[in-house]
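Have a look at the structure below, then the notes.
The values are calculated or read from the model by the stated rules, or taken from the named source; none is laboratory data. Owing to the predicted nature of the structure, the values given are computational and were not obtained by experimental measurement. Here the Cβ positions follow ideal geometry from the backbone for every residue, glycine too, while neighbour counts run over all protein chains shown.
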């Protein structure tokens, strides 16, 4: 069997700039790295995607086993930390806020039993904070874990995620490089791939994710790698490979929401919208996260199924009501939904709060789009430039800036961005891709 140490740790520094990709890859990687700290075998199945890779009762059975262990060993801090981490993963895949609260209770119980140098609980708290998008707290916990054990790779993974989402890209690079230097295994290789993907270096990112796949030791790790190999292929204009990677992942994890989304995107790019609808529907059934609900709703809307689209939008509105009640910042998909299907001025308010807490590229892009939809295009352009300043290859970001340029009357810049968006991915969005083509037609028809 190929071992990760047979190949050197990757060097992730490059002359190219950082770019963004789906935010979920970083959050998923939080859970992808927990095996590196030596959690017990009973909790190893909680790596990303592995929960849905198993039977529906598998994750619950694993958590029940951990609950049984803390009953038998109520004063064991590691057992409580393992339970907390498993609950974080369950909450991340089901979007259940109550489970996050249970995870925090378990992790804090571990810390009460061992307040100092409790590596398991410190990394668990960092993962929990990141999953809740509380990235400053995640940074604090990651630093505490590193102080406890400077040679533990997983701590640097949490640190890298926090720095990335806080817009501290150079610091994130340093953390990923340290993680890879300590242990070039599947978890660190996946993180290094993500860092290269952020730079727009999809060739090297793909090579490293293929190494992560070869080094993967669990079905969850293999599914995770397949998900992002599919995404990388789609970003490189290769929907056939994207579809093949997603199908290979679903052979391992047939109910994995991320893989269902990957196959939906690849199927849509290949013109099979029925399959895309089916896969997004499956993803929503597994994990009713805003990204899946919005994607399904907008795909249904593009097909003329307005009533079916509104059913998804109704769930999004209900989730937004709950979010406001908790006072937590909005996620990117919630902002984009409000901008396109709700009140753009409210979307601006949501984005202003979000970018203060999480000045990540994708949040700047959502803020730009909300400002544009609210008619504040000069401000929108500044935010769109911020989203793209690091060299992003995102078709959606380019479309957003192109539409803003067009609204400002800068047609040369608008044409450039819109053409680039469609060149990267002609089917990047079921509603916006046709709008981009129509915008280019109007520019061409302008005397």
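Please specify each residue of the range 322-354 satisfying the condition of being over 15 Å from residue 95 (Cα atoms) and without any contact (Cβ under 8 Å) to a residue 24 or more places away in the chain.
Result: 324, 325, 327, 343, 346, 349, 350, 351, 352.
When residue 364 is evaluated against the numbered criteria (1) within 19 Å of the chain's Cα centre (by Cα); (2) in a helix (DSSP H, G or I); (3) touching a residue at least 24 places away in the same chain (Cβ under 8 Å), which criterion, by number, is the only one it fails?
(3)
Scanning the range 374-398 for residues that are modelled with pLDDT of 95 or more and outside any helix (DSSP H, G or I), which turns out surrounded by the fewest Cβ atoms within 10 Å (Cβ to Cβ)?
Residue satisfying both the conditions and the ranking: 375.
For the range 174-190, name all the residues that are part of a helix (DSSP H, G or I) and either over 19 Å from the mean Cα position of the chain (by Cα) or within 18 Å of residue 362 (Cβ to Cβ) (or both).
Correct list: 174, 177, 178, 179, 180, 181, 182.
Could you say which residue among 371, 336 is under 27 Å from residue 236 (Cα atoms) and either part of a helix (DSSP H, G or I) or touching a helix residue (DSSP H, G or I) at 6+ places or on another chain (Cβ under 6 Å) (or both)?
None of the others qualify; the one that does is 336.
Go through (1) buried (at least 19 other Cβ atoms within 10 Å of the Cβ); (2) without any contact (Cβ under 8 Å) to a residue 24 or more places away in the chain one by one and return the number of the condition residue 161 breaks.
(2)
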